[in-house]
Each structure stands twice: as C-alpha cells, then as structure tokens.
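Trainee: Quick one: the structure is below, questions incoming.
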Amino acid sequence: MKKILLATAVFAVFSFQFSVLQAQNDPVVIEVGGQQIRRSEFMREFNTNVGQQLEKRPGITAADKRAAMEEYVDLYALFRAKLLDAHARGFDTAAALRNELMRYRKELAAPYLIDSAVLRQMLAEAYDRNHYSLHAAHILVPISASAAPEDSTKAYNKAMELYNRITVDGEDFFAVAADYARQLDPEAKVRPNEGDLGYFTVFDMVYPFENAAYSLKVGEVSQPVRTRFGYHLVKLLDRVEGLYGKVTMAHIWLHSTDSATRRSDIYRIYNELERGINFASLARQSDDRTTSGSGGVLNDATLSQLPPEYIHELVMLKEGEFSKPFFTQYGWHIIKLIKRDTLPQPENLEGFYKQRMTRDQRGEESRKTFAANSRKKYGFVDRTMTPVKQAVKGRKKKATPVKMMASLDELLRVIPDSVRYSKWKIDESLFTDTTALVTSPAGNYTSLDVARYIYTHQKKARFENMQKLLRERYDEFLDSISIAYADSQLEKENPEFAQVVDEYRRGLMIFNYNDAMIWHKAINDTVGFVNFYARESRTKRLDNPSDSIYFFHPRARVTVIDVADKAALAPEKAQKLIEKAMKKEMGSSEMKQLLQKKINQKKFPAGDMVKVGVDQVEQTRQHLLDDDQWQRGVYVKDQGNGYRVLAVEQILPRSLKGINEARGYYLNAWQNEVEQKLTDELLKKYNVKIHRDVVRSLTF
C-alpha cells in the first residue's frame, strides 16, 4: 500500500513539474470556452495565414509585424469562438457541408492513392516530355471502348488499310485523311490539312496517343494506336524544344489567301520595324481588329491557340525580338515575342502532375500497383487466389489440382449474359453463399458484395467469355475496396493531410455559420433593417464627404424627343414648339402630338418621325445633358440626318436616398452591426481571454 501511495505521489509531482515546464515553454495565448490555445498552435496558424505572406513583402518593418500580430490574435480568438458556437448549433452535421467536404477531400486524397515508385517514373517521363512540343496530325477510325470484338477487329483492319496506303503505296497522309473523312460523312466539309492537331505537349492528349506521338521521329507515321476514341494513325510533323506553358506576344497580320497579295505591304512594315519604328504603332495596320488598337498584343496564348507557323517562329525568337514576315493560310504575319513561360524545376511541378495523373489514363497503372501494395500492407486476403492447405500422407503418385479457399462459382451461376450489355437487373435473393471471397480489416466480402459492385458499375464488356469478364470485374472490385480502406486511413497516417482537410472543414463551417448568423440573418430581418435605416439615415449630413454615397447628386427630369429627319421638321421650329409646350406644362405624349401635326404627312410618315421618352438623370452619372444644360430649358443636339430635343423640365436638388436607392450601402452597415452584436455575445458566452503579455512576447 505504501508503495502505491509513493508511486502516486511521485506521479503527481512529475505531472505538476511537467505542467510548469509546459507553461514556461509553450504558454497559453488564448482561452476560449475552456480550450487553451498555446503559443505553438497559435504561431502555426499565424504563420500559415499571415506570417509567410508578410515576410515576402519588401520593406516590412517590425512595427508592421507587431500590428499584424495584434490584429490576428483578436480575429483568431473570435474565429475559435465561432467554431465552438457552430458545433453547438450543429453546423458541422449539415448535409451540404459534408457533401462539399467529401468532394474536396476526394480531390485532395487522389495523389496519395497511387504508387509512389510508379508515380516517380511517370513524373520523370512527363517532365522529360514537357521539354518538347509536338506538331502532329492523325486519322481516327472511331470505335467505342466497349465495342464487341468483331467490331474492334473491323476498325483495326480499316486503320491498317489506311496505314498501308500511306506507308506502302506512298499516298499523301492528308489526302488519305480527307478521303477517309468523306467516307465517314460525304457531306462533311473537308479541310486541306484534315487531321492536323497543331502543337501539343504532355497531358494535352490521351496517354496512349501521347506515347505514340513522342515515340515517333519527324515525318514518321505510327501503326494503329488504340484509345477510348478508336484507332489512330499518328504522323509527327514537327518537334520543337523550349516552349512551355503560355506566351505573351504581339502580331501584325495582313489578311490574304494569295502569297503574292500584300507581300509588298508586309515587307514595307518589316523595313519600318528594322529602322526602329515602334511595333505597337505599326500594329494599327493589322487586319486583326481585336488587337490592332492595343499594339497587336495576344496575352497568355497557349500552343494550341496558335497556328503552327507561329510556333515555328517563336522557337527562334528571344524576348523583345520580332520575326521576318512569313505566310500562312490566313495571310502574311510578323510576330514579336514579349514574354514566355519557362519550364519550372521538377519539384515545383510535382503537385500539378499528380493532380493531372489522377484524371489521366497513365494513373491506372500506379493505382493498380498501389491497390496491390495496400492489400499486402493491411492484410487483405483474396481467398479466390489462396490455396487450401492440404495434408499429404505418404508419397504423391501424381499432382492433384490446387483447390482455392473460395471461388467465383456463384457469380458465374447467377449473373446472366445480359451483364455484358449493361442490362442486368440484380436479384439479391439469388445469392446465398456466405463464404468470404475476401477478408480484410474492414470486414469480409461475399459474392453478394461483388455482385452489388458489378451491378452499380455495369459497362459494355470486351469479353465474350463470362469467366474472363467476371474475373476482370472481381479484380476491379478488389482494387476498389483496397484503395477505399487505404483512403480511410489517410488522416491517421498523414498528419499533414489531416490538417489540410480539417482546415477546409473549419473554413466551410465558418462560412456557413457567418452566412446564417450574419449575412442572411440581416437580410431576412426586414423589420430590423427598416428600423436601422430610420435611425442611421438621420445621422447623414450633406457637408460630410464620407456620407456622399447616401445622397443623390442634382437630378434632372428630361423629356427626350428624337426627330428622324430635319427635312420633316426644322430643328429651330421644333425647339420653339417645345418651349411653348413647356410653358403650358404639356406632358410628353402631348409634345409628340404637337410635333407630328407640323410634319408634312404626305412626304413623311409621322408615326415614324418622332419618338418621345421621359428620363430622370443624376448629374455625375449621365451622358444625356452637357454641363451647361443643367437648368430648365429646351436644348437641341444634332444627330446627322435627324436631331434630338431635350426638354429639361425640372432640376431636383441634392437629397437623401431612400431605403431602396441606398439599400446596398445600408445593408452592408446593417450586417456589420449584426456581426458586432454577435461578436460581443460570443466573447461573453465563451469567456474569451487573450493573454496580452504572451502576445507581446511573440516574434516571427
């Protein structure tokens, strides 16, 4: 008993000493609702959200850093109070939040669920290819990825026929492409360069096509390459090095379909460039009206957006240089390179590559390898491939068939041939075998589990043999559950991943909380808003510059009369008529009738000659009246054949805007008031304490 008491006392002393040591080395910065946020946690959040960005700012001072720290500590304390309140109100269980979080987490998890060794190999291949841009053309014999074997064979034979016409018979690639396009659709408008894909680089094409293109020498044509679109014949037309990403360039284009036409014009412009005339000023002569007024500049153009000839010229240019004139099917061109992207280091592209690979066919191999490794790591057992241990008595006279612990026999027996055409309707009552096909940490899986997967992932089959088909679907199921289990362990095994997901979850929660408790609450509380307007509008003053947004500038009520033709009614006469009408306080329709009566009805159809409208314009936000027309009177503006009569009937002085006219301004202020009230409630409700002495000791 004494030993137990002694051990308890020692432990208590140790715990006390540890608490003291922790308080010294990692003091509490903020207390919220009983939670203690220590220096290590606070500084991690601060550096992630503020500190790292501040350090990059040139000329940042110690005072700037201190002000940022003081501001952030208040915001972070309120953030943590809102989080507690959001949990208390059940915002973390909202279906919309959970669905959005699942979508984001799935996207974030994808790079973790591929094999690292295969991934490194794929990354190296992609980076190597990214040094080059290819110009290729293709002929596609279309066939569905799920086509029957006989249809696939027929499409392949057609592709080989076209291949032989080009490589054996010596026919021109583009002529064969055009001929085949007409076979597919006799009404099609076939281009002279039918099948030309322009320039592209890694990830721009499906992976098998990319592989074929990058394996060719310039001028070579590939044998048929199968993708999900069909069989392709690929001809490599050009390979250039040094172009990556986007380019900003300027161009001068003179439209012509004849190389001789306008040749002298483009060379005259080129000679002027050679003499030092500014490119932007000469670009005004370009036939590209979308860029001629802005120096001919094309910002952030991708390779696929540019004609191949542009790429060929850009490769030879340094930034600031311009090309010699060159001709394309569109006419004559001169281009100037302003800025080009450069290929980043491999480590800076890794995140981008990983995301692309998760959506690219090349990711399949790494995913399958990852699934197989996960089964080993987590102890999955595929009992359909695990032999039954058999005791052997005496000497074997002959080999006996190896028996597995489980089989796919029930799937073969129950699932009908219609599954090959994606038309199977599952009847779960037919699956009665409870033998486990797979054992795993997540549980056991039976024939019924596999059948459910096959049913929900039905697709047209490549195999006629049902045994091969079901084995392929079973292997897909096996990979699926292996990756799903590995996915479920990500947060445990990857603290960085868990932190990013948690940050996103908290961000979603706070957004939904603010939306419900501040923004929409303010909008929906119409009585509160009306009372707020009544109170706040009384505080606005014309002589206060900051209140100017709450007041109208002088406004004019104007009757606008358009007369289509001066010959129908002289402008001077119309002006005198409207002046008389204003004295009699006539309305706009009466003014229109007055003018129509004076028009020669035989020569001019009066109904089409005069159009009248009434407008109310604010002085600083209109183009109707000139500065000297802001007084009561009648003014005439020439409009070519016709003219416009402006009858300024009334000038309204500056006045306070109503609740509808200034709604946006007052609503923003009302939301701020609602937020401040909520802030005060939260700081009190969760007993928020900020240890300012600790904050003053923090540095970064």
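Every read-out reported here was derived from the displayed coordinates using simple, explicitly stated rules and does not represent laboratory data. As the structure is a computational prediction, the values presented were derived from the model and not from experiment. Positions of Cβ are backbone-derived with ideal geometry, glycine not excepted, and every protein chain shown enters the neighbour counts.
Trainee: Give me the net charge of L134's neighbourhood, meaning all other residues with Cβ under 10 Å from the Cβ of L134; Lys, Arg count +1, Asp, Glu -1. Show your work: numbers first, answer last.
Mentor: On the way: positive: R129, R239; negative: D204, E210, D238.
Its environment carries a net charge of -1.
Trainee: Here is a follow-up. Starting from the 7 Å offset along Cα-to-Cβ, what nm value, one decimal, do you get for the label separation of E71 and N157?
Mentor: 7.5
Trainee: So, with +1 on the Cβ of K and R and -1 on the Cβ of D and E, and no other charges, what is the size of the charge dipole of region 585-700 about its Cα centre, to the nearest 20 debye? Before the final figure, lay out each step's value.
Mentor: Numbers: 19 positive and 16 negative charges, 46 e Å.
With Lys and Arg at +1 and Asp and Glu at -1, about 220 debye.
Trainee: Along the charge dipole of region 505-583, which of Y513, P571, A581 sits closest to the positive end, that is, farthest toward it, with unit charges on the beta carbon of Lys, Arg, Asp and Glu (+1, +1, -1, -1)?
Mentor: A581
Trainee: For K217, go through the lysines and keep the ones whose alpha-carbon is under 22 Å away, minus same-chain ones fewer than eight residues off.
Mentor: In chain and number order, the partners are K235.
Trainee: Per DSSP H run of at least 4 residues, take -39500 (n - 2.57); add these up for the chain, divide by its residues and hand me the 222 nm value, nearest 500 deg cm²/dmol. Numbers along the way, then the final one.
Mentor: Details: 26 runs with 321 residues, N = 700.
When only DSSP H runs of four or more count, the value is -14500 deg cm²/dmol.
Trainee: Give me the Debye-computed log₁₀ of I(q)/I(0) at q = 0.12 Å⁻¹ for region 153-287, equal point scatterers on Cα only, no solvent, two decimals.
Mentor: Results for region 153-287 at q = 0.12 Å⁻¹ read -0.71.
Trainee: Kindly provide log₁₀ I(q)/I(0) values, in the same order as q = 0.12, 0.21 Å⁻¹, from the Debye equation applied to equal alpha-carbon scatterers of region 496-601.
Mentor: At q = 0.12, 0.21 Å⁻¹ the computed log10 ratios are -0.73, -1.08.
Trainee: Picking from T446, W424, V190, whose Cα lies most toward the positive end of the charge dipole for the chain (charges on Cβ: Lys, Arg +1; Asp, Glu -1)?
Mentor: Among T446, W424, V190, the one farthest towards the positive end of the dipole of the chain is T446.
Trainee: Right, next: Need one number: convex hull volume per residue for region 554-653, Cα atoms only, in Å³. Kindly include the intermediate steps, with their values, before the conclusion.
Mentor: Details: hull volume 8.9 nm³, N = 100.
That works out to 89 Å³ per residue.
Trainee: Which value does Rg/Rh take for region 246-340 over its C-alpha atoms, Rh per Kirkwood? Working shown, then result.
Mentor: Values: Rg = 12.1 Å, Rh = 13.1 Å.
Looking at region 246-340, the ratio lands at 0.92.
Trainee: Considering only Cα-Cα distances, which of the following residue pairs are longer than 20 Å: K540/K657; K521/K689; K403/K459; K106/K423; K368/K423; K106/K492? Write out the running numbers ahead of the final one.
Mentor: On the way: K540/K657 10 Å; K521/K689 27 Å; K403/K459 31 Å; K106/K423 29 Å; K368/K423 27 Å; K106/K492 16 Å.
From K540/K657; K521/K689; K403/K459; K106/K423; K368/K423; K106/K492, over 20 Å: K521/K689; K403/K459; K106/K423; K368/K423.
Trainee: Moving on to the next point. Calculate the length of the line joining the C-alpha centroid of region 186-217 to that of region 508-547, in whole Å.
Mentor: Taking the Cα centre of each part, region 186-217 and region 508-547 sit 57 Å apart.
Trainee: Okay, moving on. Towards the positive end of the charge dipole of the chain, with charges on Cβ (+1 Lys, Arg; -1 Asp, Glu), say which of L273, A159, Y686 has the farthest Cα.
Mentor: The one lying farthest along the dipole's positive direction is Y686.
Trainee: Can you compute the charge dipole magnitude of the chain about its Cα centre, using +1 on each Lys and Arg Cβ and -1 on each Asp and Glu Cβ, nothing else charged? Give it in debye, rounded to the nearest 20. Show your work: numbers first, answer last.
Mentor: On the way: 104 positive and 93 negative charges, 317 e Å.
Roughly 1520 debye, rounded to the nearest 20.
Trainee: Using 0.36 nm times the number of residues separating S418 and N524, minus their current alpha carbon distance, what extension gain do you get? Before the final figure, lay out each step's value.
Mentor: Working: separation 106, 0.36 × 106 = 38.16 nm, distance 5.52 nm.
Between S418 and N524, full extension yields an extra 32.6 nm.
Trainee: Please list log₁₀ I(q)/I(0) at q = 0.12 Å⁻¹ for the chain, using the Debye equation with identical point scatterers on the alpha-carbon positions.
Mentor: For the requested q values the scattering log ratios are -1.29.
Trainee: While we're on this one: Could you tell me the center-to-center distance, by alpha carbons, between region 54-102 and region 264-296 in angstrom?
Mentor: Centre-to-centre (Cα) distance: 52 Å.
Trainee: Shifting gears a bit: Quickly work out the D128-to-Y378 label distance, labels modelled 7 Å from Cα along the C-beta direction, and quote it in nm with one decimal.
Mentor: A separation of 3.4 nm, rounded to one decimal place.
Trainee: Work out how much length S281 to R44 would gain on full extension: take 0.36 nm times their residue separation and subtract the Cα-Cα distance, in nm to one decimal. Present the calculation step by step, with values, prior to reporting the outcome.
Mentor: On the way: separation 237, 0.36 × 237 = 85.32 nm, distance 5.30 nm.
Full-extension gain reported as 80.0 nm.
Trainee: Can you check what the net charge comes to around R165, using other residues whose Cβ is under 15 Å from the Cβ of R165 (Lys, Arg +1; Asp, Glu -1)?
Mentor: Working: positive: K158, R182, K235; negative: E161, D169, E171, D172, D179, E194.
Net charge around R165: -3.
Trainee: Next question. Translational D (Stokes-Einstein, µm²/s) of region 352-485 at 37 °C and 0.692 mPa s when Rh comes from the Kirkwood sum over C-alpha pairs?
Mentor: On the way: Rh = 16.8 Å.
Translational diffusion coefficient: 195 µm²/s.
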